[in-house]
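The block underneath contains the structure these notes are about, expressed in structure tokens.
Each reported figure results from applying straightforward, stated rules to the coordinates on display, with no laboratory input. Source: prediction; values computed, not measured. Note that we place each Cβ from the backbone using ideal geometry, even for glycine, and neighbour counts take in every protein chain shown.
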Amino acid sequence: MIVANRKSIPELVGMIERHSRVLLLGCGTCVTVCLAGGEREVAILGSALRIALRLRGRAEVVIDECTIERQCESAFIDLLAPRIADYDAICSFGCGAGVQMLAEYFPTMPVYPGLNTQFIGVLQSQGVWTEKCSGCGNCRLGEYAGICPLTRCAKRLLNGPCGGSHDGRCEVGKDRDCAWQLIYDRCQALGTLDRLMDAIAAPQDWSTGGDASPRCVVREDQLIEGRKSGTHD
Ligand code: SF4
Ligand code: SF4
């Protein structure tokens, strides 16, 4: 899932206080699961922002809350569209993709980001989310027993470990596991250590990664007639 966390109340107030009617818009998918921007979080934030605005002498600002299933899909924004004329700004609690989708959908409406989008990750333990994938566009987890060195090794080593690995910890910080220790241990458990030790991994094709942004995935089998020209916008 996309993991995000909330901006501070003063930062949010700074963005919205010049408006008179603001819709706080939650998203019911990733950011609900990571407890950053779902229905519950937006309701709590709505109360906190009303109090903060009152303390700044801006009690007249109307703050409403609403959550849609996914902000990154226009079919769900369609359901919201009839309500939007009631507001002069939206503060989105979706990820960065959701914020931009709203800005594109409502070209004359200011849209502000209520969250700081962090990474693609998982819930590691109660209250702790960790990054697992950098979206390199050329997944090599099959070579590394399902542990991503591009994301989880501080030096992104494809042929590790470096000389700083100590007691299973990374030299960059004792609070983080050495990804290469994890890869080694898992290969040992799977009985595939020989493959890891014998082969030198090929260089990464970085042309498919984030440096090639903005990237686009086109599925010919999903295109509607008239758009099967091999081009996209
Ligand atoms: S190899 Fe690439 S796609 Fe696979 S988990 Fe790592 S960053 Fe993500
Ligand atoms: S100690 Fe391990 S995780 Fe840290 S940089 Fe070296 S190989 Fe990568």
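Less than 13 Å Cβ to Cβ from CYS170, Lys/Arg counted +1 and Asp/Glu -1: what total charge do the surrounding residues give?
On the way: positive: ARG152, LYS155, ARG156, ARG169, LYS174, ARG176; negative: ASP167, GLU171, ASP175, ASP177.
Here the count lands on +2.
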Overall Cα dimensions of region 54-126, principal axis frame, Å, largest first | 42, 34, 17
Here, PHE119 and CYS162, labelled 7 Å along Cα→Cβ, have an inter-label distance in nm of 1.5
Take the chain, connect every pair of alpha-carbon atoms lying under 10 Å apart with a spring to form a Gaussian network, then pick out the residue of PHE93, PHE119, PHE106 with the largest mean-square fluctuation.
-> PHE106
Once you've got the GNM for the chain with C-alpha springs shorter than 10 Å, pick whichever of SER125, SER134, SER165 has the biggest mean-square fluctuation.
-> SER125
Which value at 222 nm does the chain reach when only helices count, each DSSP H run of 4 or more adding -39,500 (n - 2.57), with the total divided by all residues and rounded to the nearest 500 deg cm²/dmol?
-> -8000 deg cm²/dmol
With springs only between Cα atoms under 10 Å, which of VAL31, VAL217, VAL62 fluctuates most in a Gaussian network model of the chain?
-> VAL217
Give the dimensionless ratio obtained when the Cα radius of gyration of the chain is divided by 2.2 N^0.38 Å.
-> 1.27
Just subtract the alpha-carbon distance of ARG56 and ALA81 from 0.36 nm times their residue separation and send over the number in nm, one decimal.
-> 5.9 nm
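How many lysine pairs are close in the chain, with Cα atoms under 30 Å apart and the two 8 or more places apart or on different chains? Don't skip to the end; give the middle numbers.
Values: LYS7/LYS132; LYS7/LYS155; LYS7/LYS174; LYS132/LYS155; LYS132/LYS174; LYS155/LYS174.
Close lysine pairs under the 30 Å cut-off: 6.
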